[in-house]
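Chemist: Quick one: structure below, then a few questions.
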C-alpha cells in the first residue's frame, strides 16, 4: 500500500453521475489522476466542477459510477481504510467550511489529534501556528472563525487541508476571496507542496494559478468533461503566453455555445 | 392520483428506513463512545451544560409551582373525603412518575431540541459536516453521539432535580402560605415513594432523551443546502419530538399498569 | 457566559455529582423509612377471602403500621392462607393469643387490618399461626378476654355523634309520657281510689324507670368511649324498658283497658260505641310494634344506630297521640273542652338527618 510499490494511478473516476433535486449535475464522468499530477479543473459556474471534486473526495455520493483512490472504491471503504484515505487526501473548501463552534487553532488541531495521536498538544499547537503563519495568518489562534474575513477563512481552510501533509490535495477555488498578498503566499505554500511531489486536483478559474501549477487541464461543461489534455498540449495548441487566456476564452465560447444549444432545444 | 400516493408512500418508506438506519448508527456509535475516550468528550460536557445546567432554573420553578399547587389543593380538598394521605401518592405519581419527566422533556425540547436541530442544520449549510468527513471525523460519532449522551444524561439529572424541587422545594413554597409540619410531610412522602416510581421516572427520562436528541440530530442533518431550511429543521424537530415523547410516555405508563 | 464556558467541566461535574448524591440520599432515606434493611418476623393467618388482604396490605396497631401482608394463596380447604410480616420494633406485640381483625368501614371506605396483642407475656415464636377475630378460635379469645382490643377510634366517633340526638329524642319521649300521665291524672282527679289508682301507680312506675334509663344512656355515652359493646348492651336496656312500659299499657288489667272498661268507674262518660277505645288500642299496638322492632334492631345493632332513633321517634309519636286521646277523654265527657290544636313540631331526628345527608 505504500507509495513505492503502488501503481502510478492515484485517483480514478469511472462513469460518475450525480444529481441533486431531480436535475443532473454530472453525467458519465470518467477521469484519472496519476501520482504527482497537478490537475486544473476549469469550466463555467454551475458546470458541476465542485460536485465532481466532492464526489472524487467521497464527500458527496455518486448516483452511479465509482471513484477509486489508490485502487479502492471509496464508497465501500472500511473504517480503517477510510481513516487512511482521509489522512492521505486533504480538501480545501470553496467557502472555507470552518467549524464555527471551534477556535481557529482547533480547526487545524482536530485532524492532527485524530491522525497523529503521537503528537502532544503543544506540538499540535506549534505545527498549526507555523503553517498558518507561513500562509500569512498572524491573528490569534484562539478566536472563532466568525470573526475572520473571507480571505482569512480561506487561508485557514487551506491550512486545514494540508496540515496532515497529505499526498493528494483537493482544492476548491483556492484563490477565491484572496487579495494579491494572500495569493502570493498561497502560491509559495503550493510551491512547497509541489516540491514534495503532492498530487493536486484544483477547481479554479484563475488562469494565473493554472498557468503556474497545472500539469493538466480538465474542462467541465454541463456536467461533462469536454476537454482533458496535458497542459503542454493545451499550451502548444494555442501558443505560449496568451494560451491560458485563450483557454479561458474558449471555455467562455463553449459555455456560450452550450447555452445557445440549450435555448435552441427549448424552442 | 394513485401514482402520487404510491410515490409519496415510497418516499415516506425510504425516509423512514433512512431514519431507522440513522438511529441504528447512532446507537452503534454511542456504544463505541464509551469504549474509547473520544474527542467528542468536550462536546458532551457542553451539551450537559447547555441542556442540563442552563435549564435547571426553568425546571426548578416549574417543579416548585406544580408541587406547591398539589400540596395546597391536596391539603384542603382531600381531607373532605377523609383521604388526606392520598396527597403524597398524588405528588409521587404526578411529579416523579408522570408529569415530571414529560415536562422536563418539554422544556428540553423547546430549549435544546431546537438548538441541536438548527445548529446541525447550520453546519450542513455551511459545509461543516463535509469538512468533518474530509478530515476523517465521523459526524455521527463526533456530533450526534455526544449530544445524545449529553441529552440523556441531562434529562436524567434534570428529572432528579425536578423531583427534588417538586417534592421538597414546593414544601418550602407552601410554608409561606399554609404551614405544614416538615417531619410529617417528609416521612409520609418517603413512605409513598417507591423505588419503582423513581425507576419509572428515570426510564422515561432516558427514553425521552434518546428521542429528542436523535430526532433533533436527524432533522438537522436532513435539510438540503438552503439556509432558509434551518428554521424548518427546528420546527420539525420540535413537532416530532413532542409527538414521539407523548407517545412513548403513554406506552411506558401503559406498560406499568397493564 | 465566558465564566460558564471556562468552567464548563467543573459546573457539569458539580451538577452531576450533586444529583447523584441527592438521589442516593433519598434512596437511603426511603430505605430507612420503609424499613428495607430492618428484620421482619413472619407469621401465618387464614382468611375466608383474599378480597381485602392482598399482598402489601398494611397491618395496623392503634393507628401505627406494624406489618404487611406478604403472600396470599388459596388452600385446598377453600380458605385463604396469608403470610405476613411484623416489623422488629413491634415484635413485642406478637404474644400468645394475639389476633388479627379485619375491620370494614361502614361507609365503604375500604377496610383495615388490625393486630391486637394477646394478654399474655409469652412471646409468639416466628412462623406461628395467628387467628383472626372472625374465626371460632378468635371469638373464643375475645370472649375469654385474652386479647387486648382497643376501641376503634373512627367507629366510636361515629356512634357518639349518633347517641346525642338519640338521647334528646328519648328524653322528649319521656317528657311526653310524663305529660300524658299528668293529663290522665288530672282527668281522673279525685278518683284515685280503686283500680284506677292502681293503674296510675303502674304506669307511673313504668315511666319512672325512664329517667333512670336516661341516666344510664348518659353514663353510657361516657362508657361508650371505653367500650362499644357496653353501648350495645345499654341500647338493649332502653329497648327493654320501653317494652315494659308499653306492656303495662297493653296489659288487659292495666291502665287503659280498665279505663275504658264499660264497667269501669268512668264508663258512663264514654258512651261512644267503643270508638275511643279502638283508637287508643291501635295507638298502643303501634307503640308496641315500634318497641318490638327496636328490640330486634338492638339485637343486631352494629351500625344501625340511626334506625334506633327512628323507632324512638315512632314511639314518641304514638305516645303523643295517646296523650291527645286522653286529653279528649278528659275534655269531652267531663269538661266539654275538646282536643286542643297541637302545633306541628318537626321531629328533631328527621331534621338532623336532612341536614346531614343532603
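Chemist: Within segment A:27-48, does at least one residue satisfy the condition of being farther than 30 Å from residue A:141 by Cβ, within 14 Å of chain B (Cβ to nearest Cβ) and buried (at least 19 other Cβ atoms within 10 Å of the Cβ)?
Modeler: No: segment A:27-48 contains no residue that is farther than 30 Å from residue A:141 by Cβ, within 14 Å of chain B (Cβ to nearest Cβ) and buried (at least 19 other Cβ atoms within 10 Å of the Cβ).
Chemist: May I ask you to verify whether residue A:171 is within 16 Å of residue A:33 (Cβ to Cβ) and touching a strand residue (DSSP E or B) at 6+ places or on another chain (Cβ under 7 Å)?
Modeler: So residue A:171 passes the test.
Chemist: How many of the residues in segment B:136-146 are surrounded by 22 or more Cβ atoms within 10 Å (Cβ to Cβ) and facing chain A (nearest Cβ under 8 Å)?
Modeler: Counting residues in segment B:136-146 that are surrounded by 22 or more Cβ atoms within 10 Å (Cβ to Cβ) and facing chain A (nearest Cβ under 8 Å) gives 1.
Chemist: Then there is this: Taking the condition away from chain A (no Cβ under 14 Å), farther than 30 Å from residue A:109 by Cα, within 26 Å of the chain's Cα centre (by Cα) and not in a loop (DSSP other than H, G, I, E, B), does residue B:149 pass? Steps first, answer last, please.
Modeler: Working: away from chain A (no Cβ under 14 Å): yes; farther than 30 Å from residue A:109 by Cα: no; within 26 Å of the chain's Cα centre (by Cα): yes; not in a loop (DSSP other than H, G, I, E, B): yes.
Considered against the rule, which asks whether it is away from chain A (no Cβ under 14 Å), farther than 30 Å from residue A:109 by Cα, within 26 Å of the chain's Cα centre (by Cα) and not in a loop (DSSP other than H, G, I, E, B), residue B:149 comes out as no.
Chemist: Follow-up. Evaluate the following for residue B:80: is it modelled with pLDDT under 90, within 14 Å of chain C (Cβ to nearest Cβ) and loosely packed, with under 12 Cβ neighbours inside 10 Å? It would help to see each step written out before you state the result.
Modeler: Details: modelled with pLDDT under 90: yes; within 14 Å of chain C (Cβ to nearest Cβ): yes; loosely packed, with under 12 Cβ neighbours inside 10 Å: yes.
It is true that residue B:80 is modelled with pLDDT under 90, within 14 Å of chain C (Cβ to nearest Cβ) and loosely packed, with under 12 Cβ neighbours inside 10 Å.
Chemist: Which members of segment B:172-199 meet the condition of being part of a helix (DSSP H, G or I), under 24 Å from residue B:102 (Cβ atoms) and within 14 Å of chain C (Cβ to nearest Cβ)?
Modeler: B:189, B:190, B:192, B:195, B:196, B:197, B:198, B:199
Chemist: Given the conditions (1) in contact with a strand residue (DSSP E or B) (Cβ under 7 Å, 6 or more places away or on another chain); (2) under 30 Å from residue B:163 (Cβ atoms); (3) away from every other protein chain (no Cβ under 14 Å), and given that residue C:89 satisfies all but one, which numbered condition is not satisfied?
Modeler: Unmet for residue C:89, out of (1) in contact with a strand residue (DSSP E or B) (Cβ under 7 Å, 6 or more places away or on another chain); (2) under 30 Å from residue B:163 (Cβ atoms); (3) away from every other protein chain (no Cβ under 14 Å): (1).
Chemist: Could you tell me whether segment A:88-105 includes any residue that is part of a helix (DSSP H, G or I), touching a residue at least 24 places away in the same chain (Cβ under 8 Å) and touching a strand residue (DSSP E or B) at 6+ places or on another chain (Cβ under 8 Å)?
Modeler: yes
Chemist: Related question: Could you check segment A:54-69 and list, in sequence order, the residues that are away from chain B (no Cβ under 11 Å) and either in a helix (DSSP H, G or I) or farther than 14 Å from residue A:15 by Cβ (or both)?
Modeler: Answer for segment A:54-69, where residues must be away from chain B (no Cβ under 11 Å) and either in a helix (DSSP H, G or I) or farther than 14 Å from residue A:15 by Cβ (or both): A:55, A:56, A:61, A:69.
Chemist: For segment C:16-32: of the residues being surrounded by 14 or more Cβ atoms within 10 Å (Cβ to Cβ) and more than 8 Å from chain B (Cβ to nearest Cβ), which is modelled with the lowest pLDDT?
Modeler: First, pick out the residues of segment C:16-32 that are surrounded by 14 or more Cβ atoms within 10 Å (Cβ to Cβ): C:16, C:18-19, C:22-23, C:26-27, C:29-31.
Checking the rest, the ones that are also more than 8 Å from chain B (Cβ to nearest Cβ) come to C:18, C:31.
Working: C:18: 91, C:31: 81.
Out of the qualifying residues, it is C:31.
Chemist: Does segment A:187-197 contain at least one residue that is buried (at least 21 other Cβ atoms within 10 Å of the Cβ) and either touching a residue at least 24 places away in the same chain (Cβ under 8 Å) or assigned to a strand (DSSP E or B) (or both)?
Modeler: The answer is no, given that none of the residues of segment A:187-197 is buried (at least 21 other Cβ atoms within 10 Å of the Cβ) and either touching a residue at least 24 places away in the same chain (Cβ under 8 Å) or assigned to a strand (DSSP E or B) (or both).
Chemist: Determine whether residue A:158 is surrounded by 20 or more Cβ atoms within 10 Å (Cβ to Cβ), farther than 10 Å from residue A:92 by Cα and touching a residue at least 40 places away in the same chain (Cβ under 8 Å).
Modeler: Considered against the rule, which asks whether it is surrounded by 20 or more Cβ atoms within 10 Å (Cβ to Cβ), farther than 10 Å from residue A:92 by Cα and touching a residue at least 40 places away in the same chain (Cβ under 8 Å), residue A:158 comes out as no.
Chemist: Could you please find all residues in segment A:70-91 being under 30 Å from residue A:151 (Cα atoms) and more than 9 Å from every other protein chain (Cβ to nearest Cβ)?
Modeler: The one that is under 30 Å from residue A:151 (Cα atoms) and more than 9 Å from every other protein chain (Cβ to nearest Cβ): A:88.
Chemist: Could you list all residues from segment A:125-157 that are within 14 Å of chain B (Cβ to nearest Cβ) and closer than 16 Å to residue A:106 by Cβ?
Modeler: Once the filter is applied, which keeps residues that are within 14 Å of chain B (Cβ to nearest Cβ) and closer than 16 Å to residue A:106 by Cβ, segment A:125-157 yields A:128, A:144, A:145, A:146, A:148, A:153, A:156, A:157.
Chemist: For residue A:51, which of the numbered conditions (1) at pLDDT below 90; (2) surrounded by 15 or more Cβ atoms within 10 Å (Cβ to Cβ); (3) in a helix (DSSP H, G or I); (4) within 11 Å of chain B (Cβ to nearest Cβ) fails to hold?
Modeler: (4)
Chemist: For residue A:130, are the conditions met, namely being without any contact (Cβ under 8 Å) to a residue 12 or more places away in the chain and surrounded by fewer than 16 Cβ atoms within 10 Å (Cβ to Cβ)?
Modeler: yes
Chemist: For segment A:70-81, indicate whether the set of residues that are surrounded by 18 or more Cβ atoms within 10 Å (Cβ to Cβ), touching a strand residue (DSSP E or B) at 6+ places or on another chain (Cβ under 9 Å) and modelled with pLDDT of 90 or more is non-empty. Even if it seems obvious, please write down each step before you answer.
Modeler: Let us first name the residues in segment A:70-81 that are surrounded by 18 or more Cβ atoms within 10 Å (Cβ to Cβ), namely A:70, A:74.
Then drop every residue that is not touching a strand residue (DSSP E or B) at 6+ places or on another chain (Cβ under 9 Å), which leaves A:70, A:74.
Pick out the ones that are also modelled with pLDDT of 90 or more and you get none.
Within segment A:70-81, none of the residues are surrounded by 18 or more Cβ atoms within 10 Å (Cβ to Cβ), touching a strand residue (DSSP E or B) at 6+ places or on another chain (Cβ under 9 Å) and modelled with pLDDT of 90 or more.
Chemist: Still on this structure: Take residue B:115 and decide whether it is within 14 Å of chain A (Cβ to nearest Cβ), part of a helix (DSSP H, G or I) and at pLDDT 90 or above.
Modeler: Answer is yes for this residue.
Chemist: Here is a further query. Do you know which of the residues in segment C:82-93 that are in a strand (DSSP E or B) and over 32 Å from the mean Cα position of the chain (by Cα) is farthest from residue C:120 (Cα to Cα)?
Modeler: C:83
Chemist: Here are B:66, B:107, B:70, B:160: which of them is within 14 Å of another protein chain (Cβ to nearest Cβ) and either part of a helix (DSSP H, G or I) or free of Cβ contacts under 8 Å to residues at least 60 places away in the same chain (or both)? Spell out the reasoning first.
Modeler: Values: B:66 fails: within 14 Å of another protein chain (Cβ to nearest Cβ); B:107 fails: within 14 Å of another protein chain (Cβ to nearest Cβ); B:70 fails: within 14 Å of another protein chain (Cβ to nearest Cβ).
Exactly one residue qualifies, and that residue is B:160.
Chemist: If you don't mind, there's one more thing I want to ask. Among (1) assigned to a helix (DSSP H, G or I); (2) more than 21 Å from the chain's Cα centre (by Cα); (3) modelled with pLDDT under 90; (4) closer than 26 Å to residue C:12 by Cβ, where does residue B:167 come up short?
Modeler: Of everything listed in (1) assigned to a helix (DSSP H, G or I); (2) more than 21 Å from the chain's Cα centre (by Cα); (3) modelled with pLDDT under 90; (4) closer than 26 Å to residue C:12 by Cβ, residue B:167 misses just condition (2).
The values are calculated or read from the model by the stated rules, or taken from the named source; none is laboratory data. Since the structure is predicted, the reported quantities are computational estimates derived from the model, not experimental observations. With ideal geometry, Cβ positions are generated from the backbone for all residues, glycine too; neighbour counts draw on all protein chains shown.
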